[in-house]
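The values are calculated or read from the model by the stated rules, or taken from the named source; none is laboratory data. The structure displayed is predicted, hence computed values, not measured ones. Methodologically, a virtual Cβ is constructed for each residue, glycine included, from the backbone with ideal geometry; neighbour enumeration extends over all protein chains shown. Quick note on the areas: whole protein, heavy atoms, side chains included, nothing else; ligands and nucleic acids left out. Shrake-Rupley method; radii C 1.70, N 1.55, O 1.52, S 1.80 Å.
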Amino acid sequence: MKIVAAKKILKANDQLAAENRTRFDKAGVLACNLVGSPGCGKTTLLEALFPHMQGHTAPAVIEGDIAGSLDAQRMERLGIPTVQINTEGACHLDAAMVGAAVAGLELEAIDLLIIENVGNLVCTAGFDLGEHLRILVLSVAEGHDKPLKYPAIFQGAHALVVSKMDLLPHTDFSPQELQATMRRLAPAARVFELSARTGQGVQTFGQWLLEQRRTHRAGECR
Ligand code: MG
Ligand code: ZN
C-alpha cells in the first residue's frame, strides 16, 4: 500500500499556486479566492457587486462546485466570462483545478478574477489557489461565534463580508461581538457589513475591491 502524506500534497499545491500567481501577475490580474459556507451568499454578493463595477474593471469568474453549473449560469446572465469547475465530490478547490480552469479564460482581456470556492469553512483554509486576496463571506444567520470555531479561515482572510444584514433583526447575531473577535484574531482584515438583497453596503465593498485592484496594478509597475 502506498500512503501519501497530506503535507506532501499541500507542498505540491503551494508550488502550483505560485505558478498560478505568476500567470495572474504577468497578465495584470488581481485574483480573489471567495470563500464561505454553503448558502452564505457568495454568488448573490457577486450578482450585486458586478453592476457597481461596470466600466471600472474587466472581471471573470471561476465557479467551484461539487456538481452542476447553476452559479456559472447566474454569472453568464450578467455577461461575465465564467468557467465552472466541478470537483466531483472534493470539498475545496486546489491550485491544480484553478490552473486548469484558467486555460479556459482570456487572462490578457481581464484585470479581476474571482474564484468562488466550494462552500466550506474548513479545508478551503489550507489550499492556496494562487490568489492575491482571500475574501470570506459570513451571513448573519450563521452566528457571530464562527471565527472562534473555524479560526484558520478567518485568520487567513484579507476581508470579511458580513452578508444578509437585512436579516439581522431576526437573528441573535451581534456585529459588535464579531468585530471584537476579528480585532483579536485577524486585526488586519477589513470587515464589511452589507446586504446583497437590499444593496446596502455593496458599493463600499466594491470601492474597496477596485482600490485593491488599482494598488495591485501600481505595484506591478515599480
Ligand atoms: Mg455560489
Ligand atoms: Zn476539502
Quick check: anything in the stretch 73-88 of a type in the set (K, R) and exposed (fewer than 15 other Cβ atoms within 10 Å of the Cβ)?
-> yes
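Out of D14, D65, report the one residue that is closer than 28 Å to P147 by Cβ, among the acidic types (D, E), open to solvent by 70 Å² or more (accessible area, probe 1.4 Å) and in contact (Cβ under 8 Å) with a residue 24 or more places away in the chain. So that I can check it myself, show each step before the final result.
Details: D65 fails: open to solvent by 70 Å² or more (accessible area, probe 1.4 Å).
Answer to the selection: D14.
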Residues (away from ligand 1 (no atom under 14 Å from the Cβ) and in contact with a helix residue (DSSP H, G or I) (Cβ under 7 Å, 6 or more places away or on another chain)) located in the stretch 52-82 = H52, M53, H56, T57, A58, P59
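Being under 21 Å from R197 (Cβ atoms) and either modelled with pLDDT under 95 or more than 16 Å from ligand 2 (Cβ to nearest atom) (or both): is that true of A58 here? Write out each step before concluding.
Details: under 21 Å from R197 (Cβ atoms): no; either modelled with pLDDT under 95 or more than 16 Å from ligand 2 (Cβ to nearest atom) (or both): yes.
Answer is no for this residue.
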Does at least one position in the stretch 97-107 carry a residue that is within 16 Å of ligand 2 (Cβ to nearest atom), farther than 25 Å from V162 by Cα, at pLDDT 95 or above and under 17 Å from the mean Cα position of the chain (by Cα)?
-> yes
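Report the residue count in the stretch 29-49 for those that are open to solvent by 30 Å² or more (accessible area, probe 1.4 Å) and assigned to a helix (DSSP H, G or I). Talk me through it step by step, then tell me what you get.
Let us first name the residues in the stretch 29-49 that are open to solvent by 30 Å² or more (accessible area, probe 1.4 Å), namely 38-39, 44, 47.
Imposing the further condition that a residue be assigned to a helix (DSSP H, G or I) reduces the set to 44, 47.
The qualifying residues number 2.
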Evaluate the following for D172: is it touching a residue at least 24 places away in the same chain (Cβ under 8 Å) and part of a loop (DSSP other than H, G, I, E, B)?
-> yes
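Looking at H52, H56, which is the one that is in a helix (DSSP H, G or I) and open to solvent by 60 Å² or more (accessible area, probe 1.4 Å)?
On the way: H56 fails: in a helix (DSSP H, G or I).
Testing whether each residue is in a helix (DSSP H, G or I) and open to solvent by 60 Å² or more (accessible area, probe 1.4 Å) leaves just H52.
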